[in-house]
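The values are calculated or read from the model by the stated rules, or taken from the named source; none is laboratory data. Remember, it's a predicted structure, so these values are computed and weren't measured experimentally. Glycine gets a Cβ as well: all are built from the backbone with ideal geometry, and neighbour counts include every protein chain shown.
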Amino acid sequence: MPRQPTKPKPSPKGKSVRKPKATIAVTRVAIIGGGKGGTALIEIFAEDPLVRVVGLAETRSGTRGIRLAKRLKIPVTQNYKDFLKSKEIDLVIDVTGNPEVEKALFRIHAPHLSIIGGSSAKFMWQLIEARIRATAEIETTLTRYQSLFQLYVKEESEGAVNDERTRIACEIHDGLVQTLVGSNLKLERCRELVQQEPVKCLTLLDQTKGQLKGAIQEAREVVYNLRPGHYDNLDLVSSLSNYMKSFEAEYKIGTAFSSTGAHSRLDPKTKVFVFRMVQEALHNVAKHAKASHVHVDVTAKKGFLSTSITDDGTGFDIELESNNPAKWDHFGLQGMVERARMLSGKVHWESQLGKGTSVTIHIPIGSKEKLAHG
């Protein structure tokens with residue numbers, strides 16, 4: 001018989017009584033199935049202070065789920081019906097995919113017990129699999145990024161490296177990190193809705209799955225933008241032409257590319273820096289311009305390499321934005337200026353609201369001796 005709570009003693013006059021702290025309710029969960037799905041659920045719930053796994057039902061011996069449950073001291077049974085009789089369980093999750101188990105659970109009418117099974121459990125498992133794959137791919141991407149970044153440091157000067165690091169940090173913070181934060185918040189909300197409003201919960205889970213796919217794509221873009229390539233053998237014209245094809249396919253923005261003059265005299269550093277500047281300009285077109293078409297032209301003549309990137313987007317107030325250092329840096333424009341300066345060149349912007357933007361890059365292509373002596 002449960003112990004009756006004792007009444008608090010009346011406090012003496014003039015003295016306050018401390019109220020007992022409210023306890024946080026913990027959801028007691030039992031899992032049916034100790035395969036991949038059950039194992040993943042145990043791993044996730046083990047880190048959640050608001051959930052406690054109180055049992056695992058699995059008929060097969062030696063599965064990963066059973067081994068993990070024993071290590072975490074979670075009771076294991078072969079008969080899932082034991083859970084249905086217990087008053088110490090709040091939620092039963094069936095991830096076996098067994099139609100007989102699903103039918104048996106469907107016939108249960110226990111007011112104290114919530115059950116997730118069938119298509120709902122299958123969708124939950126698909127989300128968990130997507131999360132596992134996304135996490136693994138992001139880890140692989142970040143590992144690859146570290147090695148590529150080390151190569152990049154060797155090739156670029158200290159000033160260019162710092163600029164690139166800032167640009168990468170902004171890309172990751174404004175894109176990948178925000179996407180992951182949003183996914184995390186949706187999952188938190190799903191945990192609150194899973195019992196009371198399962199339909200809304202499934203909608204949020206579907207949105208989260210889409211966000212995770214977007215995060216994977218953003219991570220891939222960061223890595224792609226970091227690829228240094230073989231600088232000495234880099235063909236600027238073909239590299240830009242190929243990049244614009246992939247740009248058009250990815251962002252659904254029409255592209256046109258033209259080139260005149262001889263580009264064989266360009267040194268490796270000039271080719272790489274010009275490629276990066278065009279890449280940054282196109283990135284801004286995709287992210288901010290709302291353009292339907294962009295044209296890139298590369299012309300080499302009279303000792304200069306002129307590269308223009310022109311779009312038909314919304315445009316912006318150059319004077320206003322140039323007086324805002326935070327935005328100027330956020331758009332990567334300062335990085336383009338610094339790259340051009342390191343090549344003894346200049347970058348010029350022309351833009352009007354509603355009439356698009358044109359970026360022109362002028363780089364001298366004489367010998368290093370001529371550049372060094374003006």
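For region 63-100, what are the residues that are at pLDDT below 90, more than 33 Å from the chain's Cα centre (by Cα) and of a type in the set (Val, Ile, Thr)?
89
So is residue 131 over 20 Å from residue 30 (Cβ atoms), among the basic types (Lys, Arg), part of a helix (DSSP H, G or I) and at pLDDT 65 or above or not?
It is true that residue 131 is over 20 Å from residue 30 (Cβ atoms), among the basic types (Lys, Arg), part of a helix (DSSP H, G or I) and at pLDDT 65 or above.
Pairs under 6 Å by beta carbon, first residue touching a residue at least 60 places away in the same chain (Cβ under 8 Å) in region 292-320, partner in a strand (DSSP E or B) and small (Gly, Ala, Ser), six or more apart or different chains?
Close Cβ pairs satisfying both conditions: 298/259.
Can you tell me how many residues in region 35-68 are among the charged types (D, E, K, R) and either without any contact (Cβ under 8 Å) to a residue 24 or more places away in the chain or closer than 19 Å to residue 89 by Cβ (or both)?
Just the residues of region 35-68 that are among the charged types (D, E, K, R), to begin with: 36, 43, 47-48, 52, 58, 60, 64, 67.
This time we only want the ones that are either without any contact (Cβ under 8 Å) to a residue 24 or more places away in the chain or closer than 19 Å to residue 89 by Cβ (or both), so: 47-48, 52, 58, 67.
Residues flagged as among the charged types (D, E, K, R) and either without any contact (Cβ under 8 Å) to a residue 24 or more places away in the chain or closer than 19 Å to residue 89 by Cβ (or both) within region 35-68 amount to 5.
Among (1) at positive phi; (2) at pLDDT 90 or above, there is one condition residue 56 misses while meeting the rest; what is its number?
(1)
Among the residues of region 30-75 satisfying the criterion of being among the hydroxyl-bearing types (Ser, Thr, Tyr) and surrounded by 16 or more Cβ atoms within 10 Å (Cβ to Cβ), which is farthest from residue 111 (Cα to Cα)?
Start the filter on region 30-75 by keeping residues that are among the hydroxyl-bearing types (Ser, Thr, Tyr), which leaves 39, 59, 61, 63.
Next, only the ones that are surrounded by 16 or more Cβ atoms within 10 Å (Cβ to Cβ) stay: 39, 63.
Working: 39: 27, 63: 32 Å.
Taking the candidates together, the pick is 63.
Among (1) on the phi > 0 side of the Ramachandran plot; (2) at pLDDT below 90, there is one condition residue 245 misses while meeting the rest; what is its number?
For residue 245, the exception is condition (1).
Inspect all residues belonging to region 76-84 and state whether any of them is more than 13 Å from residue 31 (Cα to Cα) and either buried (at least 16 other Cβ atoms within 10 Å of the Cβ) or without any contact (Cβ under 8 Å) to a residue 40 or more places away in the chain (or both).
no
Here are some conditions: (1) within 20 Å of residue 188 (Cα to Cα); (2) free of Cβ contacts under 8 Å to residues at least 12 places away in the same chain; (3) not hydroxyl-bearing (Ser, Thr, Tyr). Residue 103 meets all but one. Which one does it not meet?
Of (1) within 20 Å of residue 188 (Cα to Cα); (2) free of Cβ contacts under 8 Å to residues at least 12 places away in the same chain; (3) not hydroxyl-bearing (Ser, Thr, Tyr), only one is false for residue 103: (1).
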